[in-house]
Amino acid sequence: MEPLFAPFLLSFLLFFDLSSSAASPSHISQLFESWCDQHGKTYSSVEEKSYRLSVFQDNYAFVTQHNDMSNSSYSLALNALADLTNHEFKASRLGLSAAAIEFRRPNLREPDLVRDIPASLDWRNKGAVTHVKDQASCGACWAFAATGAMEGVNEIVTGSLVSLSEQELVDCDRTYNTGCEGGLMDYAYQFVIDNHGIDTEQDYPYQGRQKTCNKHKINQQVVTIDDYADVPMNNEKQLLQAVATQPVSVGICGSERAFQLYSKGIFTGPCSTSLDHAVLIVGYGSENGLDYWIVKNSWGSRWGMNGYIHMIRNSGNSEGVCGINMLASYPIKTSPNPPPPSPPGPTKCGFFTYCSAGETCCCKHRLFGICFSWKCCELDSAVCCKDNRHCCPHDYPMCAAKNNQCFKRVGNATITEASEKKQYFRKFSSW
């Protein structure tokens, strides 16, 4: 079988199986094995795999029951989240903070009026939307919705599409937001304003968990915004005006089981208006008499329509389906981005010795407090170990030469990430 054809055939077989009435244990087991191969799923034990099979079987029944309905405008599928119970899904894939919403003070502003609003609009076709990202098992949807909106307005104003760093927001935006424990887009916008910009995804990549704020990366202000605005609550007309101007971040209820297993079509619910998830509206359109929003999610491209969902618009409910009209906001950009910084030059260690950019000077031979011989550590802002032979990264500054590891102290405990940090315990490089 051709490698490129195999995923397509497997997806077709999964869809065919969901459309059939066969549901014997052996059939479900075969389908599960195919699903595991498709999504690269492995489990730590036979018991864990058996449990995931039972969850998969329950989701299979739910998906099949929904897809047998002839009057639904959308369909479900055994997507990459099909081995999670709805409770597990809600605990790991959301992240809009209810507490942050409660204490927020709306920053209301009339949107720029678009006199002739087009019948349909897709900011992806205008080059203002980056690739679909995956928040993984971290409640950082708020960060992805915020960066998506900033990426969009930055491209519209400057003509340059730059993927921005969710990890910077997760690690460093700690005034009101709480990393993987949840947050709100308004506070993320305010953080970027106060920080005078945000770094790129390439320079400060996403890790899927909260880490120590990188003080060097936070000063890499590549893209700036000047303000942000909240669309008045439950005002779909002004929301449409805002989306006609730029991509807009919104809060929704994303915890329904049908939302978890959504595949394609125009999502109409049912769902509550208890907001627990953040997404990005990147356009709108109409199909078969139904108006819809084009919504970018942050659960990877194997969810929904390559990472997107169409959600019904003009539903007749002021809150909108899943509360999509209740918590819309967008960044405002009027000023240019700062010029790119000059590439760093070599670091002077002594009168005649230098280390390259991104390296740290470490003394190899010292006498009476004076260094007579220098070496370079191939890490930026590193800590030089007392053995005068090794160095550790700045965020794991405690050297353990006997174990070839670097540690840090958290509270009363000393911890290390051996598998990740052992590689950073390095000898000084030669001149």
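None of the figures in this text is laboratory data; all of them are computed from the coordinates on show. Only a predicted model underlies this, so the values are computations on that prediction, with no experimental measurement involved. Using ideal geometry, Cβ is built from the backbone for each residue, glycine included, and neighbour counts are taken over all protein chains shown.
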With r as the distance between the Cβ atoms of Ser272 and Arg302 and R0 = 35 Å, compute the FRET efficiency 1/(1 + (r/R0)^6) and round to 0.05.
0.85
Please compute the length gained on full extension between Ala98 and Lys386, using 0.36 nm multiplied by the number of residues separating them and subtracting their Cα-Cα distance.
98.8 nm
In degrees between 0 and 90, to the nearest 10, how far off the longest principal axis of the chain does helix 141-158 point, with axes built from Cα atoms?
80
Taking only C-alpha positions in segment 187-308, Rg and Dmax in angstrom work out to 16.9, 52
Whole-number Å³ per residue for the convex hull built on Cα positions in the chain
196
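Just list whichever of Lys90/Lys133; Lys49/Lys211; Lys348/Lys375 have alpha carbons separated by over 22 Å in the model shown.
Too far apart for the 22 Å limit: Lys49/Lys211.
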Amide H of Lys364: which non-local residues (sequence gap of 5 or more, or other chain) have their own amide H closer than 5 Å, using H built in the peptide plane?
Ser373, Trp374, Lys375
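Say R0 is 35 Å: what FRET efficiency, to the nearest 0.05, do Ser34 and Leu113 get from their beta-carbon distance? Can you show the working numbers first?
Working: r = 52 Å, r/R0 = 1.48.
In this case the efficiency is close to 0.10.
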If amide H atoms are built 1.01 Å from N in the plane of the peptide, which residues on other chains or at least 5 residues away come under 5 Å of the amide H of Leu164?
Glu201
With the crude spin-label approximation of a point 7 Å out along Cα→Cβ, what separation in nm comes out for Asp395 versus Phe352?
3.9
Mind listing the phi-derived Karplus ³J(HN,Hα) values for segment 125-137, rounded to whole Hz, using 6.51, -1.76 and 1.60 with θ = phi - 60°, and x for any glycine or proline?
5, 9, x, 9, 10, 7, 4, 5, 10, 10, 6, 6, 8
Table column - 3J(HN,Hα) (Hz), segment 162-167, Karplus curve with 6.51, -1.76, 1.60, x for Gly and Pro
10, 6, 9, 8, 5, 5
Can you work out the Karplus-derived ³J(HN,Hα) for every residue in segment 384-400? Use 6.51 cos²θ - 1.76 cosθ + 1.60 with θ = phi - 60°, whole Hz, and x for glycine or proline.
7, 6, 5, 6, 6, 10, 10, 8, 10, x, 5, 8, 10, x, 9, 8, 10
Placing one equal point scatterer on each C-alpha of segment 61-205 and summing with Debye, one gets log10 I(q)/I(0) at q = 0.17, 0.19, 0.20 Å⁻¹ equal to -1.10, -1.19, -1.23
7 Å from Cα along Cα→Cβ at both Tyr51 and Ser26: what's the point-to-point distance in nm?
2.9
Which cross-chain or sequence-distant (5 or more) residues have an amide H under 5 Å from the amide H of Tyr354, H modelled 1.01 Å from N in plane?
Cys349
Isolated Cys residues of the chain, judged by Cβ distance under 4.7 Å to other cysteines
Cys36, Cys141
Any chance you could check the Cα centroid distance between segment 74-139 and segment 364-393 for me, in angstrom?
48
